[in-house]
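Report on the structure given below.
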Amino acid sequence: MTTVYVDNAATTAMSRKAIEAYLPYMDGIYGNPSSLHTVGQVAKEHLEAARERVAKCINADPNEIYFTSGGSEADNQAIRSAAYFGARKGKKHLISTAFEHHAVLHTLEKLRREGFEVTLLPVGPEGLITPEQVEAAIRPDTALVTIMTANNEVGTIEPIAEIGAVCRKHGVTFHTDAVQAIGHIPVDVKAQNIDMLSLSGHKFHGPKGVGALFCKKGTPLQSFIEGGAQERKKRAGTENIAGIVSMSVAMEESCSNMAANAEKEARLRDRLIDGLMQIPHTKLNGARYTRLPGNVNLCFEGIEGESLLLLLDAKGICASSGSACTSGSLEPSHVLLALGLPHEVAHGSLRLSLCEWNTDEEIDLILQAVPEVVTYLRNMSPVWEELEKGERPHLI
Ligand SMILES: *Cc1c(COP(=O)(O)O)cnc(C)c1O
C-alpha cells in the first residue's frame, strides 16, 4: 500500500538538498564554531553563511537572526523577552489572538499568572483578525502584540503588514509566529513592519529541532538559556550546525520555488475542497481564499475526527484532525472553538495539509476514500441517526 502523506502542517519530510546539506556535519565538519583554531573557524564560516541565507529569505540582516531549537523556543523567547522589557517600563499588557499555537498561548497563560494582563482577540468565524481590532485593543501599557502570520490548523493568513503598521504607530513591539508561513507565502520583515518573528526548519522540508528567531535591530532581546556567548549572548549552547545549515538550505529552496509550489498546491487544495464539500453536512473551516495554498480543514457532522483518521490511515492516508499537539486529548481543537464551532461539530474535523510533492493521483485517492469513510461512520453513529430522523437539529 502506498502512503499518501497530507499532514505537512505537522511536519514535512526533508528535501534531498536539505539532507545533502546535513550530512557533511556528521562526517567531516565537526568543529565547534567558538574554537579559535582552523577546524572551529571552518564551522563558524558555515554557520554564518547559513545565517545570511536565512536572513535573505525574509529581508532581514544576518545579525538579526538568532538560531533556536525550533519554533516553540523562538515563540517563548520573543514573548517573554518583550513582556519582561515592557514590565521594566511599567507596561504589563499583552495582546494576542484566541487561536494561536500553544507555544504562544501557554507562554501567555504563564505570564498572566506572573501578573501580566492578556487580551486574546476573537478571530470570528472566518479565522481572520483586522488591524482595527488590534488598534482598538492597544493601551498605553501594552508591551507586545503577538499574532500568527498563518494559522496551523485552518491555514488562514492574517493581515500582518497592516497589523505591524498599527503597532509601529503606537510604539508597541510586534511579534509574529510565522512558522506555517515561511517557505509557503512571501514574508518580508521590513515591508510587513515586523519586530520579531519565529520560524521552524521542519515545516518547509528542513530538519526537526532547529528554528530561528528574527529580532529587529534595536528591539531588546533577553536570553533564557544561560551559558556560553553563542548567538551574540542571546542563546547559549554549542550550535546545531548540521541542523542550522540544512534548515537554511531548505528555506532558500522553498522560498525560491514558492510561487510554483503555491500554484500547484492551491490547485490540489481547491480540488479537495470542491470535491469533499459535496459530502452533505460538511463545513469548510476558515476563510475560503485567505488561506495557505496547502491547507484544507473541514468538519463532517455526526462523526468523530479520531475514528475518521484511523480509518483513513488504514487506507494509507496520513492526515490530522487539527494540531498534532492536541491529538491524543479528547478536547476539541481550541482553534475550531475560537472560530465559533459548537463542540460536537468541532469533534468531526479533518485537516489535510499538502506540500508540493503531492500529486493529482493522491488527491483522487483522498476524494474516493473520505466520502466512503464518512458514510461508513455515519451509518454506525447513533447521533447521525437522530440527526437524520430529525430528533436533533443539524448544526451544519
Ligand atoms: C509547528 C509550529 C510551532 C512549533 O514549532 P516547533 O519547531 O515544532 O517547536 C509553532 N507555531 C506554529 C504555528 C507551528 O505550526
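Please treat every number below as a calculation from the coordinates, not as lab data. Quick caveat: nothing in here was measured; it's all calculated off a predicted structure. Cβ: placed from backbone, ideal geometry, glycine included. Neighbour counts: every protein chain shown.
Here are some notes:
- Considering only trypsin sites (Lys or Arg not before Pro) in DSSP loops that have at most 16 other Cβ atoms within 10 Å, the longest stretch of the chain without any of them is 90-189.
- Karplus-derived HN-Hα couplings along segment 205-219 (A = 6.51, B = -1.76, C = 1.60, θ = phi - 60°), whole Hz, x at Gly and Pro: 6, x, x, 7, x, 8, x, 8, 10, 8, 10, 4, 3, x, 7
- DSSP-defined antiparallel bridges as percent of all bridges, the chain, nearest 5: 55 percent
- Longest DSSP-loop-exposure-free segment, GluC sites (Glu not before Pro), the chain, at most 10 other Cβ within 10 Å: 1-225
- Cβ-placed point charges (K, R +1; D, E -1), dipole of the chain about Cα centre in debye, nearest 20: 1520 debye
- Long pairs among K56/K91; K208/K315; K17/K315; K203/K234; K89/K169; K44/K234, criterion Cα-Cα beyond 22 Å: K56/K91; K208/K315; K17/K315; K203/K234
- Across segment 347-369, the residues whose backbone nitrogen lies under 16 Å from the label position 7 Å along the beta-carbon direction of T2 are 355-369.
- Rounded to 0.05, the FRET efficiency of the D188 and K389 pair, given R0 = 45 Å and the Cβ-Cβ distance, is 0.25.
- Per residue, the average separation of C-alpha pairs within less than 8 Å and at least 6 apart gives segment 86-213 a relative contact order of 21 percent.
- Gyration tensor (alpha-carbon) shape descriptor, the chain, a/c threshold 1.5: oblate
- Candidates A60, S256, L121 compared by Cα position along the dipole of the chain: farthest toward the positive end lies A60, with charges placed on Cβ.
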